[in-house]
1. Output the residue which, of all residues in region 358-383 that are over 19 Å from TYR326 (Cβ atoms) and modelled with pLDDT of 95 or more, is surrounded by the fewest Cβ atoms within 10 Å (Cβ to Cβ).
2. For region 96-140, what are the residues that are closer than 30 Å to LYS239 by Cβ, among the β-branched types (Val, Ile, Thr) and outside any loop (DSSP other than H, G, I, E, B)?
3. Can you tell me which residue in region 142-154 is farthest from the ligand (Cβ to nearest atom), limited to those that are under 18 Å from VAL178 (Cβ atoms) and part of a helix (DSSP H, G or I)?
4. So in region 47-74, with the set limited to residues that are polar (S, T, N, Q) and touching a strand residue (DSSP E or B) at 6+ places or on another chain (Cβ under 8 Å), which one is nearest to PHE231 (Cα to Cα)?
5. Mind checking which residues of region 75-95 are in a helix (DSSP H, G or I) and farther than 16 Å from VAL219 by Cβ?
6. Return the pair list, or none, for Cβ contacts closer than 7 Å from residues in region 135-150 that are closer than 15 Å to VAL206 by Cβ to residues that are within 16 Å of the ligand (Cβ to nearest atom) and small (Gly, Ala, Ser), at least 6 apart or on different chains.
7. Condition (residue is touching a residue at least 12 places away in the same chain (Cβ under 8 Å) and under 23 Å from the mean Cα position of the chain (by Cα)) applied to region 466-474: is it met by at least one residue?
8. Out of (1) assigned by TED's automatic domain parsing to the domain that holds ALA149; (2) more than 11 Å from the ligand (Cβ to nearest atom); (3) surrounded by 24 or more Cβ atoms within 10 Å (Cβ to Cβ); (4) not polar (S, T, N, Q), what's the single condition that is false for LEU88?
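The values are calculated or read from the model by the stated rules, or taken from the named source; none is laboratory data. The structure displayed is predicted, hence computed values, not measured ones. For neighbour counting, all protein chains shown are included, and Cβ atoms are generated from backbone atoms with ideal geometry for every residue, glycine included.
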Amino acid sequence: MKHKIITLLSILTLFTTFSILSSQKDIDAHAERTYQIGTDVTFPPFEFANNQNKYVGIDMHLMKAIAKDQGFNVKIKPLGFNAAVQALESNQIDGVIAGMSITPERQAKFDFSHPYFKSGVVMATKPGRNIKNLKDLRGQKVAVKTGTAGADYANGLKNRYGFKIVTFDDSNNMYEDVLTGNSAACFEDSPVMKYAIKQGTNLAIVTKPALSGSYGFAVDHGKNKALLTAFNKGLNDLKKNGKYDDIVNKYLGTKDHPVKAQTNSSSRTFLGLLKQNRGALFSGLMETLWLTVVSIFFATIFGIIIGLLGVVPSKFSTGFSTTMIYIFRGLPLLVLALFIYTGIPSLTGTKIPAFVAGVITLTFNEGAYIAAFVKGGILAVDSGQMEASRSLGLPFGKSMRKIILPQGIRIMIPSFINQFIITLKDTSILSIIGLLELTQTGKIIIARNLEGFKVWTIIALIYLIIITLLTWLSNWVQRRTNL
Ligand code: GLN
């Protein structure tokens with residue numbers, strides 16, 4: 001049995017190391033030509049997932065057409081606006097195209113392309129709410145989107161007009177807050193708000209556009225000069241050969257050919273939603289499972305090592321073990337993920353792929369919990385056992401292996417199973433770094449169809465089914481191994 005487990009573990013180590021390395025190689029192989037471009041999860045008509053969960057919109061088409069024109073490849077990463085800007089700042093991605101306004105503050109950190117679309121910020125409210133201008137906002141809440149020019153604008157006005165700000169990560173959550181009546185109004189870019197209203201969002205624009213400016217494609221200050229030059233050249237070409245106008249007209253329509261609202265009633269039922277999104281849900285689920293398996297594997301090794309270090313008779317190693325457990329159990333998972341994905345690279349300048357950052361995060365966090373119960377499990381074995389074994393002349397290592405561990409492991413097993421389930425659930429937090437796992441997939445689908453209740457129900461059920469299967473599997477393994 002022991003041999004089988006060891007062989008299984010070795011195969012798994014080889015397999016995961018190989019797959020991480022090869023995914024890394026994939027990135028390196030195309031390093032000269034494939035640029036990672038961050039974008040918003042949803043900012044129609046500039047970027048949004050269509051019915052097949054493909055990213056479309058003015059920005060997406062422009063970026064692809066420019067890449068084609070200039071002979072480079074792009075990999076689009078729908079991270080969310082704020083996350084994309086931060087990922088760019090820490091050099092995790094090469095550029096951002098996300099209806100990003102060119103502002104003086106941003107120009108200090110980023111280099112912008114030539115402007116490609118004019119925009120401004122408007123205030124929208126629910127019809128009938130009797131809010132007509134900024135003065136009517138006194139004592140009310142206003143919804144804004146994290147890190148946007150609209151949010152800065154609202155922050156600058158809140159004291160003068162006496163309103164409170166509520167912040168959301170996505171445009172659709174922001175609209176939703178106004179629609180449910182929690183917030184009295186929201187600030188959004190005028191072309192985006194107009195488009196949403198045309199598509200059926202029940203809001204009305206009540207102010208003239210403020211902060212007029214333009215959108216630009218951004219790279220990190222002083223970096224990716226070739227990409228920026230190529231973007232500008234490509235944009236120029238597209239403007240000259242009429243493709244720019246074609247792209248914009250496709251989404252915004254012309255006077256003679258206005259765009260129609262895209263409604264699709266068949267995809268509003270549970271089954272319709274499931275059927276329409278099955279591909280995206282399945283690949284999200286696979287990413288979740290893969291992330292869980294790889295992380296559990298490394299977290300278990302890390303946890304066992306740190307846990308064992310906590311019980312060997314050496315002040316240094318017990319101190320080290322306690323400190324590791326203290327730090328990684330003490331840090332919120334979200335903070336750790338952001339620290340590893342955006343914090344470290346902005347210090348060192350080296351990219352960490354999101355998947356690897358996710359695995360490292362979970363390894364440390366879940367590993368710290370595992371270490372704590374491994375240590376606890378061993379300490380829970382009556383100390384007389386060790387004393388008896390030592391007085392029989394067995395050395396520390398052997399007493400540990402033959403006497404203490406077999407008893408300790410039995411105590412630890414339920415905690416292991418519990419931790420595996422927690423790891424699976426915790427992968428959802430990694431949606432923050434743009435991993436396209438199940439939760440992020442859900443966010444993207446909802447951003448498109450605003451069916452929050454139904455889509456989250458589907459996602460919740462998928463998690464529950466997987467957790468049930470995982471529990472059955474663990475129980476079965478536990479019975480088979482007679483532990
Ligand atoms: N244009 C706004 C900005 O740059 C909003 C962009 C967005 O939400 N994607 O801040």
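1. Restricting attention to region 358-383, the residues satisfying the condition of being over 19 Å from TYR326 (Cβ atoms) are 358-359, 380-383.
Narrowing further to those that are modelled with pLDDT of 95 or more: 358-359.
Numbers: GLY358: 28, VAL359: 23.
In this case the residue turns out to be VAL359.
2. Matches in region 96-140: VAL96, VAL121, VAL122.
3. So in region 142-154, the residues under 18 Å from VAL178 (Cβ atoms) come out as 142-146, 148, 150-151, 153-154.
Then keep just the ones that are part of a helix (DSSP H, G or I); that gives 150-151, 153-154.
Details: GLY150: 6, ALA151: 7, TYR153: 9, ALA154: 11 Å.
If we take residues in region 142-154 being under 18 Å from VAL178 (Cβ atoms) and part of a helix (DSSP H, G or I), then ALA154 is farthest from the ligand (Cβ to nearest atom).
4. By that ranking, first place goes to ASN73.
5. PHE81, ASN82, ALA83
6. The qualifying pairs are VAL142/ALA154.
7. Step one: list which residues in region 466-474 are touching a residue at least 12 places away in the same chain (Cβ under 8 Å), which gives 466-467, 470-471, 474.
Right, trim to under 23 Å from the mean Cα position of the chain (by Cα) and you get 466-467.
There is at least one residue in region 466-474 that is touching a residue at least 12 places away in the same chain (Cβ under 8 Å) and under 23 Å from the mean Cα position of the chain (by Cα).
8. That leaves (1) as the condition not met.
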